[in-house]
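Q: I'd like to ask you about the structure that follows.
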Amino acid sequence: MLKMMMMRNIAAASFYCSSRRWRGMPCLHSNSTLVVFDNNYFAFFHSQPSKPIKSTRTQLDQPVRDSPKITNVEDAFNVFDRMLQMRPRPSVVPFNQILGQVAKLKHYSAVISLYNQMGVSRIGHDVYTLTILIICYCHLNQMGFSLSVLGKFFKLGLEPDVFTFTTLIKGFLLENRVAEAATLLHKMMRGGNCQPNVVTFGTIIRGFCMKGNNSAAIQLLRKMEEGACKPYLVVYSTIIDSLCKDTLVVDALNLFSEMMSKGIAPNVITYTSLIHGVCKLGAWKEATRLLNEMVSKNIFPDVFTFNVLVDTLCKEGMVVEAEGVVEIMIRRDIDPDSVTYNSLMDGYCLRGEIGKAKKVFELMLSKGSMVDVVSYSTLINGYCKHKKINKAMMLFLDMCHKGLVADTITYTSLVDGFCKVGRIDYAQKLFSKMQACGQLPNVRTYSILLDGLCKNRQLSRAMQLFGEMEAKKLDIDIVIYSILIEGLCKTGKIESARDLFCGLSSKGLQPNVRTYNIMISGLCIAGLTREAENLLIQMEEKGCSPDGWTFNTIIRGFIHNKQTSRAMVLIQTMAEKGFSLDASTTELIVNLLSKDEVDPALLPLIKKSL
DNA sequence: TTAGGGTTAG
């Protein structure tokens, strides 16, 4: 209902956005028309001032000395070449500016290439050049090279500054090298002439957040508050975002209030994190409130905010509504980007509407350089999920021809696709190929291949793969154990399955409802219905609520083991808990009724449970 | 001219 309310607001807002009145008036919030629905005000879509008209002048039309804003790598290389041909040569500063702008576009390898060209053309380096180079190596997870650039500083008699060290700390944290990051921080603090600043501490706080250690992040925030290096918006926003990602939205909102009470004003990034957090919890009313609140402060949603809305709607199956949001973006002169379209494609794939997803993909292709690895992976995943492995492989080859590098997620989707069509040998080959191509399988990849092997009754290979995961010290989760327990149960190895199940707590893992259901099903198949029923009691005692599947499995177990009266007792319990008989259990009961094996007095109960 | 926060895929 709340979702529908939100969508009606969006739809209403869309109407006003397209009206002549709105288009002619880049209005302020105070002048805007409010869209009212159940006391919610959804004004932001038609209160945001229009963006200025884009200049048609290309980057190359502008003189180098104006420090042109680079918007793509091709322009960067062109401007760079022109500068190299200039006589006298420009100083190192404009070269640094180009390197910096390309780094901001996240084309780190291109920066390294430009840097090498500077060396060939005998253009000197300074602290800026080398720091930008370190940034690039850090983002490419090549800390070894970053540290060798640090060596260049000393060789050239240059002194690294707080920017250099902060970047190196970030690089260490990105590679999970926490101890080295801490050592560098302590060296800075002891050194005297290059003290860490608010960005350094912000970087460390983000490192804690990335590791899921919100309490350490908050502890450091408190220390900053006590000291001279006061936290500001970015630091608070970092923690607010991390709390939202961990679904600790109440804590995030409390920190948000605390931040504002200290006079620190939020911006669109802070609000987008909060909106994302509440959307993930399905708290649409709260999302609407936050959207209206930000607009009331003249903070307007940007492409990130809209993408959060589009993606959440798509994940909820509301792709038509998501398309509506995209239309609103376009009217608001906010260009949908590849993230927007990738979310839409995934939304269509989730609904099984691959044709529509393909149309979005073709639209992206027609727009030029919009299709990326995620776009291909999304569509590949859509085909794989619907057992169209040949189409998925065609796309995979196409992306390789275009020079796009398939990542772990792309390969994982394809491994899943091959497993789904029973071509387990191909799945295993692809699993090896991805590693040969430098893409490491993660826990998800392993879980998919393990499941494929178990479902194809290749249990010994599955156990071998599990051993590989243990040897690699991967973070083996309950999903992996559930797959193995199911594989053991289905091959009649109930003892081994029971051992694995009972050993979960010693590994610090809690079975979830799926794990219980698998074990209960295994016990029923083995005729151990009493033990299955005990497990039902045990799971409830441990706070894991059974679902309809749990009850139906045990009821079928009772019927198969000719324990009809016990089945009827459980049907009663199930009905009291609000669950129904599923199709296969119903079929068994109808069969019993036809053979007069059920007391007619129980008929009303059975009817009630259907 | 260099460092820190928000969006997508399994």
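Every number in this text was worked out from the coordinates using simple rules, so none of it is lab data. None of the values given here were measured: they were computed from a predicted structure. Glycine gets a Cβ as well: all are built from the backbone with ideal geometry, and neighbour counts include every protein chain shown.
Q: Can you list which of the chymotrypsin sites (Phe, Trp or Tyr not before Pro) found in segment A:228-326 are DSSP loop residues with at most 15 other C-beta atoms within 10 Å?
A: Qualifying residues, ordered by number: A:Tyr232.
Q: Need one number: nm distance between label points at A:Lys315 and A:Glu495, each 7 Å from Cα along Cα→Cβ, rounded to one decimal.
A: 4.5
Q: Which ³J(HN,Hα) values, rounded to whole Hz and listed in residue order, are derived for segment A:232-249 from phi using the Karplus coefficients 6.51, -1.76 and 1.60 in 6.51 cos²θ - 1.76 cosθ + 1.60 with θ = phi - 60°, glycine and proline given as x?
A: Result, rounded to whole Hz: 9, 3, 4, 5, 4, 5, 4, 6, 4, 5, 5, 4, 4, 5, 8, 6, 8, 5.
Q: How large is the charge dipole for segment A:547-610, taken about the Cα centre, if only the Cβ atoms of Lys, Arg (+1) and Asp, Glu (-1) carry charge, to the nearest 20 debye?
A: 60
Q: Same structure again: Given R₀ = 22 Å, FRET efficiency for A:Ser215-A:Leu509 by Cβ-Cβ distance, to 0.05?
A: Result of the calculation: an efficiency of 0.50.
Q: Please work out the C-alpha center-to-center distance from segment A:526-601 to segment A:79-114 and express it in whole Å.
A: Segment A:526-601 and segment A:79-114 have Cα centres separated by 71 Å.
Q: Quick check: Cα centre of segment A:410-482 to Cα centre of segment A:327-372, how many Å?
A: 30
Q: Hey, if you put +1 on the Cβ of every Lys and Arg and -1 on every Asp and Glu Cβ in segment A:223-357, which of A:Leu253, A:Met329, A:Gly347 ends up farthest toward the positive end of that dipole?
A: A:Leu253
Q: Convert each backbone phi in segment A:490-495 into a coupling constant with the Karplus relation 6.51 cos²θ - 1.76 cosθ + 1.60 (shift: θ = phi - 60°), then list the ³J(HN,Hα) values in order as whole Hz, x for Gly and Pro.
A: 6, 9, x, 8, 5, 4
Q: Sticking with this one: Using Cβ counts within 10 Å as a stand-in for footprinting exposure, how do A:Leu291, A:Leu581 rank, fewest first?
A: Least to most surrounded, the residues fall as A:Leu581, A:Leu291.
Q: With labels modelled as points extended 7 Å from the Cα through the Cβ direction, what inter-label distance (nm, one decimal) is found for A:Glu470 paired with A:Ala179?
A: For the pair A:Glu470/A:Ala179, the computed spacing is 2.6 nm.
Q: Which translational diffusion coefficient, to the nearest whole µm²/s, is obtained for segment A:480-610 from the Stokes-Einstein equation, given a Kirkwood hydrodynamic radius over C-alpha pairs, 37 °C and 0.692 mPa s?
A: Reported coefficient: 216 µm²/s.
Q: Which distance in Å, rounded to a whole number, links the C-alpha centroids of segment A:249-299 and segment A:118-148?
A: 38
Q: Next up: Residue separation times 0.36 nm, minus the C-alpha to C-alpha distance between A:Ala436 and A:Cys502: what's the value?
A: So the extension gain works out to 20.1 nm.
Q: Once you've got the Cα coordinates, tell me which of A:Lys490/A:Lys577; A:Lys170/A:Lys455; A:Lys455/A:Lys562; A:Lys106/A:Lys187; A:Lys104/A:Lys385 are over 32 Å apart.
A: A:Lys170/A:Lys455; A:Lys104/A:Lys385
Q: Further, regarding this structure: If you take the square roots of the eigenvalues of the alpha-carbon gyration tensor of segment A:197-299 and sort them as a ≥ b ≥ c, do you get rounded (a/c under 1.5), prolate (a/b over b/c) or oblate?
A: Oblate, because a/c is 1.5 or more while a/b does not exceed b/c.
Q: I'd like to know which of A:Pro88, A:Gln142, A:Gly543 lies farthest towards the positive end of the charge dipole of chain A, counting +1 on Cβ of Lys and Arg and -1 on Cβ of Asp and Glu.
A: Of A:Pro88, A:Gln142, A:Gly543, it is A:Pro88.
Q: Right, something else. Quick one: putting +1 on the C-beta of Lys and Arg, -1 on the C-beta of Asp and Glu, what dipole do you get for chain A around its Cα centre, in Debye to the nearest 20?
A: My answer is approximately 1100 debye.
Q: If you average the sequence gap of Cα pairs under 8 Å that are 6 or more apart and divide by the length of chain A, what percent do you get for the contact order?
A: For chain A, the relative contact order is 6 percent.
Q: Going by alpha carbons, how many degrees (0 to 90, nearest 10) lie between the helix axis of A:529-541 and the longest principal axis of chain A?
A: 40
Q: Sticking with this one: Roughly what would the spin-label model give for A:Gln142 and A:Asp337, points 7 Å off Cα along C-beta, in nm?
A: So the two model labels end up 2.4 nm from each other.
Q: Which of A:Val149, A:Val405 comes first, and how do the rest follow, when ranked by fewest Cβ neighbours within 10 Å?
A: Going from sparsest to densest Cβ surroundings: A:Val405, A:Val149.
Q: If you don't mind, there's one more thing I want to ask. In degrees between 0 and 90, to the nearest 10, how far off the longest principal axis of chain A does helix A:459-471 point, with axes built from Cα atoms?
A: The two axes meet at around 40 degrees.
Q: Further, regarding this structure: For a quick check of your reading of the filter: which chymotrypsin sites (Phe, Trp or Tyr not before Pro) in segment A:156-212 sit in a DSSP loop and have no more than 11 other Cβ atoms within 10 Å?
A: none
Q: Follow-up question, since we're still on this one. Rank A:His560, A:Leu363, A:Ile520 by how far each Cα sits towards the positive end of the charge dipole of chain A (+1 on Lys, Arg Cβ; -1 on Asp, Glu Cβ) and give me just the farthest.
A: Looking along the dipole axis, the top candidate is A:Leu363.
Q: Let me ask another. Residue by residue through segment A:123-131, what is 3J(HN,Hα) from phi via Karplus (6.51 cos²θ - 1.76 cosθ + 1.60, θ = phi - 60°)? Round to whole Hz and write x for glycine and proline.
A: 9, x, 10, 10, 4, 4, 4, 5, 5
Q: Using the structure shown, list the pairs from A:Lys388/A:Lys420; A:Lys315/A:Lys367; A:Lys280/A:Lys367; A:Lys493/A:Lys542; A:Lys245/A:Lys297 with a Cα-Cα distance above 20 Å, or answer none.
A: Pairs exceeding 20 Å: A:Lys315/A:Lys367; A:Lys280/A:Lys367; A:Lys493/A:Lys542; A:Lys245/A:Lys297.
Q: Which of A:Leu248, A:Leu610 has the fewest other C-beta atoms within 10 Å, and how do the rest follow up to the most?
A: A:Leu610, A:Leu248
Q: Over all alpha-carbon pairs of chain A, lay out the pair-distance distribution in 10 Å bins, whole %, shortest bin first.
A: Pairs per bin, as whole percents: 3, 12, 17, 24, 22, 13, 6, 3, 1, 0, 0.
Q: Also, I was wondering about something else. So, R0 is 30 Å and r is the distance between the beta-carbons of A:Lys285 and A:Ser261; what FRET efficiency does that work out to, to 0.05?
A: The formula returns an efficiency of 0.80 here.
Q: Same structure again: With n ≥ 4 as the cut-off for DSSP H runs, can you work out [θ] at 222 nm for chain A, using -39500 (n - 2.57) per run divided by the number of residues, rounded to the nearest 500?
A: Computed mean residue ellipticity for chain A: -21500 deg cm²/dmol.
Q: Residue separation times 0.36 nm, minus the C-alpha to C-alpha distance between A:Glu226 and A:Arg530: what's the value?
A: 103.4 nm
Q: What is the helix-to-structure angle for A:198-210, meaning the angle in degrees between its Cα long axis and the longest Cα principal axis of chain A, kept from 0 to 90 and rounded to the nearest 10?
A: Once rounded, one gets 20 degrees.
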